[in-house]
Amino acid sequence: MAKTVLVINSGSSSIKYQLVDLESGEGLASGLVEKIGEPIDGHYKHEYNGEKHELTEPIHDHEQGLKRVLGFFKEYGPNLDEAGIVAVGHRVVQGGSIFPQPALVNAKTIGQVKDLAVLAPLHNGPEAKGAEVMTALLPDVPQIFVFDSSFFFQLPKEASTYALNKQIAEQYHIRRYGAHGTSHEFVGSVVPELIGKPAEGLKQIVLHIGNGASASAQISGKPVDTSMGLTPLEGLVMGGRTGDIDPAVVFHLIRNAHMNVDELDTLFNKKSGLAGLTGYGDMREVHRLAAEGNEDAKLALQVYVHRIVGYIGNYTAQMGGVDVITFTAGVGENDDIVRKMVCDKLAPFGVKIDEEKNATRSKEPRVISTPDSSVIIAIYPTNEELAIARKSAAIAVAGKDSYGNVVEPVDEA
């Protein structure tokens, strides 16, 4: 019998899920639950065996949504009782300093994930709730938390430490935690085989750019820096987030616009980035506007690319060079215009891309630079679900992490 893991990604008003075959790495079935707890009808989509099943109805809470999801598996397949499910893996954005590794879901770890919502208010609460509900619905299946921040727990001190008053930083656990770690770790681990180079000593920059966007620098598969910080707000320009901004803008808006904390949080996290510059957080709409001559959209693209190139320069200097730059996630994998704009700015340093390969739409990992390029430019579709599934299975089956250590949360001092 095949072994599978059900991967759950619970948001405040949505749930994404995928049943992953551990042997083939393929997603056997996937789906989406949208508009949970909203005054309008919610929407379900379940895909299996080439067929899509959809349903519209009010969705009051995550429990109702996940019960319906399990019903879809039973009605439309594959039946989880016969699918060889060994674990349910729950993606969690923020593990703080408590979880440098994935952890078994239990009452204690659920409480700790909820407490860490102070560092990821939009994510950790719903993710803890999803795990709580699934534990009740599938009590005999091990449930595992897999943390986006765990990969970047390995950052060197000089990269993770802010130049903030030491006592305040320690008291309130303020440091660079990073996010999208599961994606950065996965892509960084598979690129060496793609380009035919050993992982040892390889200097990589991974650009995970989608609605949320982050960059990482890696040497020998270990992170040396990343763009997101205490929260996912810092770093690159995103669909609705500012990315890097002078923190004194906060003081300025409090004093002059009389904005409160919640208003500033919404402004910086939801009403800025591409959406704030153009009215649209979707890069496809920004391209449409730019093609029509919209000056705001043209500027937004330039700002977006400017920030990416700045991080590439920073990380290249920090690592003492770079061997490969890899694009991943929605924009990174599909947007040839953004890739070309980035690489054109790197042309003075010997970066060359094959225009035809860059413009070709494909879901396959590939190299798009020319043989004489000073840096290899690659595209590698991320697969966070597979990475979460593998980490979850390792703990569920062996009760140990990938290093052979029993995984237990570390109590913060």
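The values are calculated or read from the model by the stated rules, or taken from the named source; none is laboratory data. Just so it is clear, the structure is predicted and the values come from calculations on it, not from any experiment. Virtual Cβ from ideal backbone geometry, glycine too; neighbours counted across all protein chains shown. Note: areas computed on protein heavy atoms with side chains; ligands, DNA, RNA excluded. Shrake-Rupley method; radii C 1.70, N 1.55, O 1.52, S 1.80 Å.
All but one of (1) open to solvent by 20 Å² or more (accessible area, probe 1.4 Å); (2) in a loop (DSSP other than H, G, I, E, B); (3) touching a residue at least 40 places away in the same chain (Cβ under 8 Å) hold for Glu185, so report the exception by its number.
Single failed check for Glu185: (2).
How many residues does region 268-307 hold that are surrounded by fewer than 16 Cβ atoms within 10 Å (Cβ to Cβ), of a type in the set (A, V, I, L, M) and touching a residue at least 12 places away in the same chain (Cβ under 8 Å)?
Qualifying residue count for the region: 2.
Go through region 213-242 and give me each residue that's out of contact with any Ser or Thr (no Cβ under 8 Å at 6 or more places or on another chain), in a loop (DSSP other than H, G, I, E, B) and either not hydroxyl-bearing (Ser, Thr, Tyr) or not assigned by the TED database to the domain that holds Arg307 (or both).
Within region 213-242, Gly229, Leu230, Val237, Met238, Gly239 qualify.
Within region 55-77, which residues are farther than 22 Å from Glu385 by Cα, open to solvent by 80 Å² or more (accessible area, probe 1.4 Å) and in contact with a strand residue (DSSP E or B) (Cβ under 7 Å, 6 or more places away or on another chain)? Even if it seems obvious, please write down each step before you answer.
We begin by selecting, within region 55-77, every residue farther than 22 Å from Glu385 by Cα; these are 55-61, 64, 75.
Still in the running and open to solvent by 80 Å² or more (accessible area, probe 1.4 Å): 56, 60, 75.
Passing the criteria: only Thr56.
How many of the residues making up region 205-243 are over 18 Å from the mean Cα position of the chain (by Cα) and open to solvent by 50 Å² or more (accessible area, probe 1.4 Å)?
1
Do you know which of the residues in region 158-174 that are outside any helix (DSSP H, G or I) and modelled with pLDDT under 95 is nearest to Ala215 (Cα to Cα)?
Restricting to residues being outside any helix (DSSP H, G or I) and modelled with pLDDT under 95, the top hit is Ile174.
Here are Gly330, Gly310: which of them is in a helix (DSSP H, G or I) and either more than 12 Å from Met283 (Cβ to Cβ) or modelled with pLDDT of 95 or more (or both)? Explain how you work it out, then say what you get.
Working: Gly330 fails: either more than 12 Å from Met283 (Cβ to Cβ) or modelled with pLDDT of 95 or more (or both).
Answer to the selection: Gly310.
Working only within region 78-99, note down all residues that are free of Cβ contacts under 8 Å to residues at least 24 places away in the same chain and crowded, with 19+ Cβ neighbours inside 10 Å.
none
If a residue counts only when it is over 22 Å from the mean Cα position of the chain (by Cα), which strands (runs of 3 or more DSSP E) contained entirely in region 18-119 have at least 2 such residues? Before you say what the answer is, go through the steps one by one.
Values: elements: 27-34, 42-48, 51-57, 85-92.
Qualifying strands (runs of 3 or more DSSP E): 42-48, 51-57, 85-92.
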